[in-house]
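The values are calculated or read from the model by the stated rules, or taken from the named source; none is laboratory data. Keep in mind that this is a model prediction, so the values were computed, not measured. Cβ coordinates were reconstructed from backbone atoms using ideal geometry, including for glycine residues, and neighbour counts include every protein chain displayed. Keep in mind that these areas ignore ligands, DNA and RNA; they rest on the heavy atoms of the full protein, side chains included. Shrake-Rupley method; radii C 1.70, N 1.55, O 1.52, S 1.80 Å.
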Amino acid sequence: MKRMMVGFILLFALLLTSCGEKERYQYTAEDRPIPYSNLNASRFAPPGMEVNVGMADVIAQLEITSGQVVQEMTLPHGVPYTACYYEAQVEEVWYGEPVDEDIELWFMGTGTILHPNDRLVAYLSLAQQNHYVTVDGAYSVFILNPPDDGLFPFAMIAEFKEMEGEDVQVLKDATDSVLAKIESGKEVVPAFLYGAIAEE
């Protein structure tokens, strides 16, 4: 009887822990969006870590908590455009000071498809209130891909190829390397584009 009770308790504990696991989407190369190249920060400098770090107000690890929300918007001159956002929770701040733990992550167009429960690192600029845009579109998003949380650069360039599948610490080291350049006085992007982190 005692053995049966222990077995039941173990089974119940296993069920509880498996129910607590959030299902997460696993990304492949086919999931990479086509970047809005003419709208990205890359028009000032080639996409990469220097742009991501140099122009960021916040660098943080996030969890996506909603599906895509599409918004039809208008520029001040009356030109319409489409944007989308995802609700996200800040899990860990690497650098900067987010205005809140719950933010909106905005993208131009609707081609950036993320999924609820995604975990990712993003290089962010504050747009307004709790609305953040990625510094350089999809080039500024790195998915922590299940099952082992290996890095998945959302938009691939040569600089990011060696990071794919690696531990998130590789991305943190690349970020720290750019910050060290900025601290030494090197201008990684034109200084007028510096975000709050580089300005500090």
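Structural remarks
- Using the rule -39500 (n - 2.57) for each DSSP H run of four or more residues, divided by the residues of the chain, the 222 nm mean residue ellipticity is -7000 deg cm²/dmol.
- Spatially proximal aspartates and glutamates relative to residue 161 (Cα-Cα < 12 Å; intrachain offsets below 8 disregarded): none
- The long axis of helix 2-20 is offset from the longest Cα principal axis of the chain by roughly 20 degrees.
- Amide H partners (placed H, <5 Å) of residue 150, local residues excluded: 145
- Cβ crowding within 10 Å averaged over residues, with 109-116, 181-188, 54-61 ranked highest first: 54-61, 109-116, 181-188
- Solvent exposure of the chain amounts to 56 Å² per residue of accessible area, where only protein heavy atoms count and the probe is 1.4 Å.
- Nearby aspartates and glutamates by direct alpha-carbon distance to residue 181 (threshold 16 angstrom, same-chain neighbours under 8 apart not counted): 50, 173, 199, 200
- Inter-site label distance for residue 66 and residue 199 at 7 Å from Cα along Cβ, in nm: 2.7 nm
- Exposed-loop-free span, longest in the chain, where chymotrypsin sites (Phe, Trp or Tyr not before Pro) count as exposed if DSSP calls them loop and at most 16 other C-beta atoms lie within 10 Å: 45-200
- The angle between the Cα long axis of helix 168-183 and the longest principal axis of the Cα atoms of the chain comes to about 30 degrees, rounded to the nearest 10.
- What you get for the chain, charging only the Cβ of Lys and Arg (+1) and of Asp and Glu (-1), is a dipole of about 500 debye around the Cα centre.
- With the charge dipole of the chain set up from +1 on Lys and Arg Cβ and -1 on Asp and Glu Cβ about the Cα centre, the Cα lying farthest toward the positive end among the listed residues 184, 197, 171 is that of 171.
- Eligible aspartates and glutamates near residue 22 by straight Cα distance, threshold 16 Å, same-chain separation 8 or greater: 63, 91, 118, 148, 149
- Element breakdown for the range 147-194 at a 1.4 angstrom probe: carbon and sulfur atoms account for 50% of the accessible area.
- Taking label points 7 Å from Cα along the Cα-to-Cβ direction, residue 166 and residue 34 give a separation of 3.0 nm.
- Gain on full stretching of the segment that runs from residue 26 to residue 129 - 0.36 nm per residue minus C-alpha separation: 34.0 nm
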